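Below: one structure, written as structure tokens.
The values are calculated or read from the model by the stated rules, or taken from the named source; none is laboratory data. A quick note: this is a predicted structure, and the numbers were derived from the prediction, not measured. Backbone-built Cβ (ideal geometry, glycine too); neighbour counts: all protein chains shown. Only protein heavy atoms, including side chains, enter the accessible area calculation; ligands, DNA and RNA are left aside. Shrake-Rupley method; radii C 1.70, N 1.55, O 1.52, S 1.80 Å.
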Amino acid sequence: MRKKVIAGNWKMNKVLTEAEQFADNVTDKLPNDDNVEAIVCAPFPFLPSLVEKTKGSRLQVGAQNMHFEDSGAFTGEVSPVMLKDLGVTYVVIGHSERREHFAETDQTVNKKVHAAFNHGLTPIVCVGESLEQREANQTMNHTEQQIKKGLEGLRHDQVADTIIAYEPIWAIGTGKTASSADANEVCAHIRNVVKEMTSGDIAEQVVIQYGGSVKPANIDELLTQSDIDGALVGGASLEAESFQQLVEAGTT
Ligand SMILES: O=C(CO)COP(=O)(O)O
């Protein structure tokens, strides 16, 4: 059985004291269940403190982006070496907001995914279609291309360890969730693409999350679907109580 992975993506929210308070409120309340992984992907300035505060707890810490180079003249960027050195374990790569506002492409996603594995970080690779693409029936083809290009050149064991987050852009922060059946259909397609790229065994191991207006009220139904193994959650991950409820849902 694949474990459930519930990851909060705080985006550009909170100040340090709020981030620390969240950790204080959540760390000792998470379910003691190996079948669910709880991650919080926070802005860079909070990472050292969150890593410190979550030591020995079930809450893992992730970044929301990184550069693909180890070091160099890239003003304003953060490298995988820096993240690893801090004790960060996950990194979100290719979020649609980065693709839209920061010129992230499938090629940079691919370089970052390789860099993550080269430094022992687990990538959470985001894919998903826009409303226009969905209406033009391009959802399957678009997500397939994003997966093929984003994961190109990885070893099969690395593909197995990649977390894929299917986030339809039109469902992000809009309150519109894809129906669980529609979300599952795309996640199943993504698993099939992974199978074509690797093998049936590897495809069965890959964790595929759904993201887009997930909240405590709708997560149960999403998680009952055959190919949805967790959630990448924005707004509803910001409050400790709501995040905790989302993680609890992963235990059922
Ligand atoms: O983009 C998301 C997570 O990465 C989803 O955000 P919301 O849960 O706020 O819709």
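Worth a mention:
- Just one of (1) at pLDDT below 95; (2) surrounded by 17 or more Cβ atoms within 10 Å (Cβ to Cβ) fails for D34. It is (2).
- The residues of region 102-126 include none that are of a type in the set (S, T, Y), part of a helix (DSSP H, G or I) and buried (at least 19 other Cβ atoms within 10 Å of the Cβ).
- Residues of region 37-75 that are among the β-branched types (V, I, T) and more than 14 Å from the chain's Cα centre (by Cα): V51, T54, T75.
This table checks each residue for (1) buried (at least 16 other Cβ atoms within 10 Å of the Cβ); (2) over 20 Å from E37 (Cα atoms); (3) of a type in the set (S, T, N, Q); (4) modelled with pLDDT of 95 or more.
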| position | (1), (2), (3), (4) |
| --- | --- |
| A181 | no, yes, no, yes |
| I190 | yes, yes, no, yes |
| T224 | no, no, yes, yes |
| D227 | yes, no, no, yes |
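- Scanning region 178-213 for residues that are small (G, A, S), without any contact (Cβ under 8 Å) to a residue 24 or more places away in the chain and within 16 Å of the ligand (Cβ to nearest atom) returns a single hit, S179.
- Scan of region 230-244 for residues that are in a helix (DSSP H, G or I) and either farther than 13 Å from I6 by Cβ or away from the ligand (no atom under 14 Å from the Cβ) (or both), ordered by number: G235, A240, E241, Q244
- Restricting the first member to region 9-20 and to residues that are open to solvent by 60 Å² or more (accessible area, probe 1.4 Å), and the second to residues that are within 12 Å of the ligand (Cβ to nearest atom), the beta-carbon pairs closer than 7 Å and six or more apart or on different chains are N13/L238.
- Residue, least open to solvent (accessible area, probe 1.4 Å), within region 158-175, restricted to residues that are more than 8 Å from the ligand (Cβ to nearest atom) and under 15 Å from E132 (Cα atoms): P168
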